[in-house]
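Undergrad: Quick one: structure below, then a few questions.
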Amino acid sequence: MELSTVKDSFEHVAKKQKLSSSRSQEVTEQVSHEIEQALAKIQSIEDSTSPVDQKSILTELRLKLNAVCPQKQLEGSQKELNVDLSRYIKLLEKTFNPDISKTCINIDFDCHTVNQIIAVHFYRQGLFDLGDCLINEASESETAALRSQFLELHQILDAIKVKNVEPALRWVSANREKLEQNGSNLELKIHQQQFVEILKGGSRADALSYAKTYLSPLAPLRMKEIQKLTVSICWIRKLESCPHSELLDPANWAKLAEELTRDFCNLLGQSYGNPLVLAITAGIEGLPTLLKLAEVMAIKKQEWKAMKQLPVPVELRKEYQFHSIFVCPVSREHGSEDNPPMLMPCMHVLCKQSISKMSKGSSRSFKCPSCPAETSVAQCKQLFF
């Protein structure tokens with residue numbers, strides 16, 4: 001209900017803003033039109049030094065502008081917009097608690113780690129001047145190695161933007177063994193894009209020569225992909241009819257840049273997703289739940305920050321979930337070192353404490369809560385995620 005009210009209020013303010021802008025434009029055009037007409041009349045006077053005619057024209061212009069009353073019209077529409085905007089801001093403050101400090105836990109930050117994370121974020125984005133400034137002012141020289149690596153990455157990506165694959169191929173050649181161990185087919189993707197550009201050029205001889213030189217060595221491992229590429233030579237001057245027209249999609253260059261970035265970061269031991277962006281975005285998604293929890297706990301005069309685990313789930317999208325978390329179906333508690341998940345012979349899993357309670361702390365058998373099977377503590381095995 002609250003979000004619906006906020007949405008309606010926003011749409012009302014947006015509508016007022018459009019009306020105010022439209023009205024301002026109309027008044028401005030009307031004033032401009034009257035002034036242009038007056039200038040045209042003055043220029044049409046044969047004797048431009050005649051003060052009487054010019055004076056009468058200017059007098060007429062002043063009367064017309066007074067009738068239009070532009071200042072009053074503009075002030076009126078702007079005043080209505082300001083009133084609605086003020087109400088909307090108050091509604092936001094009432095609906096959403098702006099004091100997010102209630103969700104913060106007072107801990108000692110490792111400034112060294114935080115500086116490195118921010119500097120690497122700048123380097124990932126290609127903002128090397130900002131990263132260098134931070135590193136110099138914070139005296140974080142350890143990040144210099146990553147700087148050179150990400151600089152190389154951006155130089156390769158800049159070349160790919162203009163369909164120059166030479167820097168990318170040099171990097172692949174220097175890291176071929178590691179890429180093969182990871183099962184990467186990046187080299188083939190690079191040659192594929194270059195081969196497609198040759199096909200678009202219409203030279204069958206050049207396409208055959210390129211396939212023989214660069215694609216043939218990759219055939220033993222990537223036969224199906226190579227076959228698609230080489231067969232496309234038959235449609236070299238009518239590529240739009242080629243059965244493998246997906247190879248011609250211009251978006252393949254962007255996909256190549258994305259795959260290269262992923263493999264590059266993998267070899268660096270860095271995540272493909274930007275850690276700082278992921279952490280901030282995940283925090284923003286979880287913030288409403290934490291604010292609501294802080295509000296409820298304050299009413300109950302309880303301190304939630306001292307709890308080992310939150311009493312409510314913080315739902316995040318799948319892309320922000322990186323670690324498996326087991327929740328016992330009986331106790332609804334998260335698995336931990338003191339209360340690990342235990343696998344029963346029937347393949348169902350419970351927390352250790354739940355199993356202990358069901359077995360009454362002895363070796364007696366008990367029934368699985370999810371199926372008719374019976375088991376004992378000795379038959380349960382600890383799971384490690």
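Undergrad: P288: in contact with a Phe, Trp or Tyr (Cβ under 7 Å, 6 or more places away or on another chain) and either exposed (fewer than 12 other Cβ atoms within 10 Å of the Cβ) or not aromatic (F, W, Y) (or both), yes or no?
TA: It is false that P288 is in contact with a Phe, Trp or Tyr (Cβ under 7 Å, 6 or more places away or on another chain) and either exposed (fewer than 12 other Cβ atoms within 10 Å of the Cβ) or not aromatic (F, W, Y) (or both).
One line per residue, one yes/no per condition, for (1) in contact (Cβ under 8 Å) with a residue 12 or more places away in the chain; (2) touching a Leu at 6+ places or on another chain (Cβ under 9 Å):
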| site | (1), (2) |
| --- | --- |
| E26 | no, no |
| A38 | yes, yes |
| K55 | no, no |
| A67 | no, no |
| K102 | yes, yes |
| I105 | yes, no |
| V114 | no, no |
| I135 | yes, no |
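Undergrad: Among the residues of region 232-283 satisfying the criterion of being free of Cβ contacts under 8 Å to residues at least 40 places away in the same chain and aromatic (F, W, Y), which is least open to solvent (accessible area, probe 1.4 Å)?
TA: Ranking the candidates gives W235 first.
Undergrad: Quick check on this structure: which one of L208, L215 is open to solvent by less than 70 Å² (accessible area, probe 1.4 Å) and more than 34 Å from the chain's Cα centre (by Cα)?
TA: L215
Undergrad: Just wondering, is there one or more residues in region 268-291 that are closer than 30 Å to A168 by Cα and aromatic (F, W, Y)?
TA: The answer is yes; a qualifying residue exists.
Undergrad: Also: Restricting the search to region 151-197, which residues are among the β-branched types (V, I, T) and open to solvent by less than 20 Å² (accessible area, probe 1.4 Å)?
TA: Selection gives I156, I160, V165, V172, I190, V196.
Undergrad: Would you be able to say whether some residue in region 102-118 is in contact with a Ser or Thr (Cβ under 8 Å, 6 or more places away or on another chain) and either aliphatic (A, V, I, L, M) or under 30 Å from K7 (Cα atoms) (or both)?
TA: No.
Undergrad: For V330, which of the numbered conditions (1) touching a residue at least 24 places away in the same chain (Cβ under 8 Å); (2) β-branched (V, I, T); (3) open to solvent by 50 Å² or more (accessible area, probe 1.4 Å); (4) in a helix (DSSP H, G or I) fails to hold?
TA: Looking at each condition in turn, V330 falls short on (4).
Undergrad: Kindly state which helices (runs of 4 or more DSSP H) lie completely within region 146-253 and contain at least 2 residues that are modelled with pLDDT under 90.
TA: 176-181, 186-201, 204-210, 223-231
Undergrad: On to the next question. All but one of (1) open to solvent by less than 40 Å² (accessible area, probe 1.4 Å); (2) part of a loop (DSSP other than H, G, I, E, B); (3) polar (S, T, N, Q) hold for Q302; which doesn't?
TA: Tallying (1) open to solvent by less than 40 Å² (accessible area, probe 1.4 Å); (2) part of a loop (DSSP other than H, G, I, E, B); (3) polar (S, T, N, Q), Q302 fails exactly one: (1).
Undergrad: While we're looking at this one, here's another question. Tell me yes or no: at least one residue of region 356-369 is under 37 Å from the mean Cα position of the chain (by Cα) and among the aromatic types (F, W, Y).
TA: No, region 356-369 has no match at all.
Undergrad: Here is a further query. Within region 305-320, can one find any residue that is buried (at least 16 other Cβ atoms within 10 Å of the Cβ) and farther than 30 Å from A119 by Cβ?
TA: Scanning region 305-320, I find no residue that is buried (at least 16 other Cβ atoms within 10 Å of the Cβ) and farther than 30 Å from A119 by Cβ, so the answer is no.
Undergrad: Is there any pair linking a residue in region 341-359 that is under 10 Å from C328 (Cα atoms) to one that is aromatic (F, W, Y), with Cβ under 7 Å and at least six apart or on different chains, and which?
TA: P341/F326; V349/F326
The values are calculated or read from the model by the stated rules, or taken from the named source; none is laboratory data. What you are looking at is a predicted structure, and each value in this text was computed from that prediction instead of being measured. Positions of Cβ are generated from backbone atoms using ideal geometry, with glycine treated the same way; all protein chains shown enter the neighbour counts. Heavy atoms of the whole protein, side chains included, go into the accessibility calculation; ligands, DNA and RNA do not. Shrake-Rupley method; radii C 1.70, N 1.55, O 1.52, S 1.80 Å.
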